Structure formats: structure tokens, C-alpha cells
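Below is one structure; the comments refer to it alone.
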Amino acid sequence: MGSTGNRAEDVSGRSASDDASTLIIDNARLADGRVVSIGIAHGRYRVVADVSAGATTGLDATTTTRIDAGGRLVTESFVNGHMHLDKVYTLPLAGDGALHAYTAGTMGAAMRSIVEDASAVKKHYDRGWIMPNVRRALDEAVFNGVLHVQAFVDVDTTAGLEGMESVLAVREEYRGLVDVQVVAFPQDGVLRDPGAAELCEQAMRLGADVVGGIPWIESTNTDARAHVEWACALAQTAGTRVAMLVDDAGDPSLRTTEMLAEAMIRHSLQGRGVACHARAIGGYPMPSVIRLVELARTARLAFVSDPHTGPLHLPVRQFLDDDLPVALGQDDIEDAYYPFGRHNMLEVAFLAAHILQFLSGDDQLRLLDLITGRAAAVLGLRGHAIAEGNAANLCIHHSERLVDVLREHTRPRWVIRDGRVVAESEGHSRIHR
């Protein structure tokens, strides 16, 4: 399967445990237009000082590393709210049949593509190729400044725990570079696939962080509700969050987002649930959307949209206007559901700008928020902002303007994790006349 490519390295020359290290970033342009100096110590922002006011960082310049951002845009590091990490680079195994069934028309064949076509890949699951593929995807994440990922991993009677154990092992290798929240995901269902529930429970004991679900894959509404109840009860018992693929097929009558929100309230999981995709909501009559918005507020249900990986998508603008927590996700990298993907959230935002018509200057700021601060809140991460006292996770880009950063969606010039440089990229192009 896929090679590891260029491995992400700590180019700073310091170890992750070097808490005494300090870093000053001069002439950093924030998304609000201010040019500041950023002082970082012990992995956290110590000061964010407005240059125009003549302020200084207060750090000893003789004991620090300095980077001159030169007026380039500096943003928080990126957050990927939805990623099928065990499946990356598996499209050659799955074939184009599954891809066509999942992405064509109104997604009417989505269930067949998942249960029959794409699931055939799991018969060949082997950590000998899964782990290199996962490393490759996480290397791309680091280079692209994606330092937080919610990763779904299939757990069922076909895959067993092979994918889960592989991803958990690689997660440990990347600790200190990428935070990976692992979701135990019964993609073939728990009623349709007897034994999957027990395997998911075992996966949680092995170290998975989040209980997953996909209720619409079940054969009846009764089974779908039982699926949701099982997942929410497990999350309540384990003290974890729950993340589900809901309303993912093109049928707006399934209403599995509503099932999730209601179950979260019953199980006291308010603020601890994420609905991924929820594409069919885009086909709801407006009264149904209004009712769902109120229910989601009560459950404090968050949403992740991946509008580039299917012909339907969540009404993101309306949900933002209604002040619901929404993020964007990469979802897939070269698998049975999407043939492209570079684990680049700027690229995802660029695609979303066209699909969702987020094109104005204010919309571009919203897109940035959907892959940084707002996305972090969706995953339950606190303090993901360039502000004093927060963890210093940020990207220094090549361009000054956000519109250029989105247009080019290239790797950041520098990626900084907990106050240390973990990746840097510099490209050169020349015309020979």
C-alpha cells in the first residue's frame, strides 16, 4: 500500500519536553489585521503584543529563538473534525464501483456502497499496510498544520480490532505532534452486525476516546434507535463523548440526527456529541429544520460537515447563523468515498468556499474559524486561540492575506506545536525566459 513519504520532523532541534525553551515571533499578522509580536514560553503564549503600540514580549532575547514572520498571516493550527484514518489510501483495494455508488446522484446507493462494496476492503485489513498508511496521513497533517484530528476507525466482525490496534499504535508514535481522538466506529451497524457492539466496547477499553455510531445503516427505524441508545449509554458509562454519522444518505425521512440529539438529552450527554455529515438536513422542509435547530441547542449537539465528499451537504450557513457549533472535516483520503485529499484543511476550506458559496471577506473569516477555533470547540478542545495563557499551536503562512492563503492552500511556512517548530516548508518556482 502507500509509502510513508517525507516524514515530519522536529526541525527545531529541541525535544518536546524542553519546557524551558522560548520563542518570539516578530511581525505576525493576525486574522483581524493586527501586526503583533508573540512571546511563547513553556509551550504557551506568554504575551501577544501590538507592535503599533510599541509593546515588547518581555522575553530575554539572548535565550530565545526568534522567527520574523515578516507580516505574514499567522493563525491557530488546524483541526480536522472527521477523518476515517484506517481507510486512507485504500481506493485501489476498494475500486471505483464503491466510489461511484457513494457519490453519484442523491446518494441513494450509499448504504450498498458502505455495507457491500467498501466493506470488502476490511477483509484484507493488516497492520503491515495500515500503519504505514496512517503514518503517511499524519505526516501530511503535520506538514499542513493539522494538529488535532477526530479519527474514526472501523470496528466490526469483518475488521475485528486490526484497524483499531494499528491506529492506536501509530497515535502513540505521533504523541507530541498530532492529537488524535480515536472513535470506535461500528460502520456496518450493531444490529446488522451482531458482535460489533462488543468489539466496540473492547476498543474503548483498549484506549479509544469516543464512542461512534452510524444509525441510518440499520435496517429499520427501531434498530436505528437501538443503535443510538447503545452508543449513548456506552458513552455515559465510559464518561466519553459520542460521534455519529447521521442523515448521511440522501433520504431526509430517516431523521437520525434527531434520534442522536434526543438520546444525548436522555443520557445526560449535553455538549458531548458530534453529528457528522448530516447531509439530508439540506433536504428537510424549513419547519423541520427549525425544530431540529432548537433540539440541537438543547442537546448542545455539534456538527461536522464534509461538503466535498458527496453531492449533498449540511446547511452550514444557516446553522452558523443559528449559532450552532459547526466545523469542517477532511473525511477521507483516497478511499472508497473520496479519491483525493491531502489532509490539508485549507484545501477543505477552499473547496467549501465554492460548494457552500462562502466567498466574501467575512465568509473567508468564517471558513478559517470552521477549521480552527470553532472546530476545536466542536471537539471539546478549550483555549485554541492565539491568546495569552493558551497552548501555543499555530501556523505561520507564506502570504499576508487570508484570501491568498485560502486560494493557494499550500503548506504553512512554519508549523509550531506547544511553542516549538515541528515542521517547515518552503517552495521555489522560477520561470526561465
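The values are calculated or read from the model by the stated rules, or taken from the named source; none is laboratory data. Predicted, not measured: the structure shown is a model, and the values here were computed from it. Here the Cβ positions follow ideal geometry from the backbone for every residue, glycine too, while neighbour counts run over all protein chains shown.
Filtering the range 255-269 to residues that are over 18 Å from Phe319 (Cα atoms) and in a loop (DSSP other than H, G, I, E, B) leaves His267, Ser268, Leu269.
Every condition in (1) in contact (Cβ under 8 Å) with a residue 40 or more places away in the chain; (2) outside the structural domain of Leu314 (by TED's automatic domain parsing) is met by Arg433 except one, and the failing one is (1).
Screening the range 242-252 for residues that are buried (at least 19 other Cβ atoms within 10 Å of the Cβ) and more than 14 Å from His82 (Cα to Cα) and picking the one that is modelled with the highest pLDDT gives Asp247.
The set of residues in the range 265-294 that are among the small types (Gly, Ala, Ser) and within 24 Å of the chain's Cα centre (by Cα) comprises Gly271, Gly273, Ala275, Ala278, Ala280, Gly282.
For Arg417, the conditions (1) in contact (Cβ under 8 Å) with a residue 60 or more places away in the chain; (2) out of contact with any helix residue (DSSP H, G or I) (no Cβ under 9 Å at 6 or more places or on another chain) are fulfilled apart from (2). Here's a check for you: in the range 61-87, which residue that is assigned to a loop (DSSP other than H, G, I, E, B) and more than 27 Å from Gly273 (Cβ to Cβ) is modelled with the lowest pLDDT? That would be Thr64.
If you go through the range 146-165 and keep only what is surrounded by fewer than 24 Cβ atoms within 10 Å (Cβ to Cβ) and either farther than 20 Å from Tyr337 by Cα or within 19 Å of the chain's Cα centre (by Cα) (or both), you end up with His148, Thr157, Gly160, Leu161, Glu162, Glu165.
Of all the residues in the range 221-254, those that are free of Cβ contacts under 8 Å to residues at least 24 places away in the same chain, in a loop (DSSP other than H, G, I, E, B) and over 22 Å from the mean Cα position of the chain (by Cα) number 1.
Look at the range 26-49: where a residue is free of Cβ contacts under 8 Å to residues at least 40 places away in the same chain and within 14 Å of Arg401 (Cβ to Cβ) and a partner is among the small types (Gly, Ala, Ser) and assigned to a loop (DSSP other than H, G, I, E, B), sitting 6+ places away or on another chain with Cβ atoms under 8 Å, you get Val35/Gly71.
Whether any residue in the range 355-374 is touching an Asp or Glu at 6+ places or on another chain (Cβ under 7 Å), in a loop (DSSP other than H, G, I, E, B) and over 23 Å from Arg279 (Cβ atoms) is what I want to check. For the range 355-374, residues touching an Asp or Glu at 6+ places or on another chain (Cβ under 7 Å), in a loop (DSSP other than H, G, I, E, B) and over 23 Å from Arg279 (Cβ atoms): present. Listed by first and then second residue, the pairs linking a residue in the range 128-143 that is over 17 Å from Pro412 (Cα atoms) to a residue that is among the β-branched types (Val, Ile, Thr) and surrounded by fewer than 20 Cβ atoms within 10 Å (Cβ to Cβ), with Cβ atoms under 6 Å apart and 6 or more places separating them unless they lie on different chains, are Pro132/Thr4; Arg135/Thr4; Arg136/Thr4. Checking Ala184, Ala208 one by one, the residue that is crowded, with 20+ Cβ neighbours inside 10 Å, under 17 Å from the mean Cα position of the chain (by Cα) and part of a loop (DSSP other than H, G, I, E, B) is Ala208 and no other.
Taking the range 231-241 as the range and being of a type outside the set (D, E, K, R) and surrounded by fewer than 24 Cβ atoms within 10 Å (Cβ to Cβ) as the test, the residues that pass are Ala233, Leu234, Gln236, Thr237, Ala238, Gly239, Thr240. Checking each residue in the range 308-351 for being closer than 22 Å to Leu295 by Cβ, touching a residue at least 12 places away in the same chain (Cβ under 8 Å) and not in a loop (DSSP other than H, G, I, E, B) picks out Val316, Arg317, Gln318, Phe319, Leu320, Val326, Ala327.
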